[in-house]
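Trainee: I'd like to ask you about the structure that follows.
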Amino acid sequence: MPFYRFEDFESNYLTPHLSTGKAPVIDGRYMYFCLLHKVAGTGSELHYHPNELLIFPVRGKINAIVGKDRRIVKPGTFVHAPAFARHSMKATEDGNLQYLYIKDKTWTVVGLAEDEAVPDQAMTVAEVNKKYKVGDKDKHQKTQGKSQAIIEGLPVCFHPILDSLDAPPRSGRCVNWIEGERLAFGLFEVPAGYAEPEAVSAREMFIYVMSGKIDAQTGNDKKTVGPGDIVCVPRGERYRLQVRSHARYAMVCSTPYLEDRIDNMTPEEAVQARVSMTAN
């Protein structure tokens, strides 16, 4: 099925010894697509992971660090953490937090402490939750060796797009597109009546609707989607979008670099990264 809602998936702590973040995970072929929840005043320790990370808050504010850059991030600002970049994301004290959380599938969603080496084998979400509880930072058995966390020399990773997700509608179709090495993020604002031409998707694509109504078609499946709905378009699938009422939606796509990495991953690399090549 190409249509999902996050509430239809089980929510788990992704790295409980380092973070209070809990999320349902939709497993694509090339990416993990998640909605992370954090209680006010809680969040993650400084950490890193071998995958690229995209973040877009939809509720609450983030006390965010990427490398050495610290900022308060509100809905409407996109955060891009390159692979191996040290970072921390905490909910501010004045409210709970939800944000889109997308990682490429060259590694699991489980993070690494800022001062530990990349292990010979990653942990799965099930394994890390069996081994640790939230707050078990001091019980974590770190992989010995040199950390690969990048702290210095990172470019600006914060990208303001809208003042808020409730900003007045714009008069015409507007697209903000930010492309990383492995994943690309777009925020679309589209007026009623606009039809995206039918096309074959060159990349794997996830669409998350924040406002408005859209008639979506993926292959032979059709549905009118609204706020909170997710549309998944596999690479090579035909799709079409017809906007029924003024809509804002986020789109995330794989890149050719990522597809080449995943499609040519050796069995040994897949075992180390603990990744599955099948999608939900």
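Trainee: Using a 7 Å offset from the Cα along the Cα-to-Cβ direction at both Arg71 and Asp215, what is the distance between the two label points in nm, to one decimal?
Mentor: Calculated label separation equals 3.9 nm.
Trainee: Further, regarding this structure: Along the charge dipole of the chain, which of Thr108, Asn51, Leu162 sits closest to the positive end, that is, farthest toward it, with unit charges on the beta carbon of Lys, Arg, Asp and Glu (+1, +1, -1, -1)?
Mentor: With unit charges placed on the Cβ atoms, the residue in question is Leu162.
Trainee: Calculate the spin-label point distance for Glu152 paired with Ser171, positioning each point 7 Å from the Cα along the beta-carbon direction, and give it in nanometres.
Mentor: Inter-label distance under the simple model: 5.0 nm.
Trainee: Next up: Computed FRET efficiency, Cβ-Cβ of Phe3 and Thr266, R0 30 Å: what is it to the nearest 0.05?
Mentor: 0.35
Trainee: Still on this structure: Treating only the Cβ atoms of Lys and Arg (+1) and Asp and Glu (-1) as charged, compute the dipole magnitude of the chain about its Cα centre; round to the nearest 20 debye.
Mentor: 560 debye
Trainee: Kindly rank 26-32, 232-238 from highest to lowest mean number of other beta carbons found within 10 Å of each residue.
Mentor: In descending order of packing, they fall as 26-32, 232-238.
Trainee: Spelling out what I want: for every residue of the stretch 57-63, take phi, set θ = phi - 60°, compute 6.51 cos²θ - 1.76 cosθ + 1.60 (Karplus), and round to whole Hz; glycine and proline get x.
Mentor: Those phi angles translate into x, 10, 7, x, 10, 10, 8 Hz.
Trainee: With a ≥ b ≥ c the root eigenvalues of the C-alpha gyration tensor of the stretch 3-159, is it rounded (a/c under 1.5), prolate (a/b larger than b/c) or oblate?
Mentor: Since a/c stays below 1.5, the shape of the stretch 3-159 is classed as rounded.
Trainee: Starting with the highest mean, order 33-39, 222-228, 137-143 by the number of other Cβ atoms within 10 Å, averaged over the residues of each peptide.
Mentor: Ranked by mean Cβ neighbours within 10 Å, highest first: 33-39, 222-228, 137-143.
Trainee: Starting from the Cα of Lys213, draw a straight line to each of the lysines and keep only those under 29 Å, dropping any in the same chain fewer than 8 residues away.
Mentor: Lys22, Lys38, Lys61, Lys74, Lys103, Lys222, Lys223
Trainee: I've got another one for you. Please compute the Kirkwood hydrodynamic radius over the stretch 162-256, one decimal place, Å, based on all pairs of different Cα atoms. Please report the intermediate quantities before stating the final value.
Mentor: Numbers: mean 1/r = 0.0739 Å⁻¹.
It works out to 13.5 Å.
Trainee: Let me ask another. Assuming 0.36 nm per residue, please report the length gained on full extension of the stretch Asp136 to Asp94 beyond their Cα-Cα distance.
Mentor: Extra length from Asp136 to Asp94 when fully extended: 12.6 nm.
Trainee: With θ set to phi - 60° and the Karplus curve 6.51 cos²θ - 1.76 cosθ + 1.60, what are the ³J(HN,Hα) couplings of the stretch 228-244 in order, to the nearest whole Hz, using x for Gly and Pro?
Mentor: Once rounded to whole Hz, the list reads x, 7, 10, 10, 10, 10, x, 4, x, 8, 7, 8, 8, 10, 10, 7, 8.
Where a number appears in this text, it was derived from the coordinates with a stated rule and is not lab data. For clarity, every value in this text was computed on a predicted model and none was experimentally measured. Cβ coordinates were reconstructed from backbone atoms using ideal geometry, including for glycine residues, and neighbour counts include every protein chain displayed.
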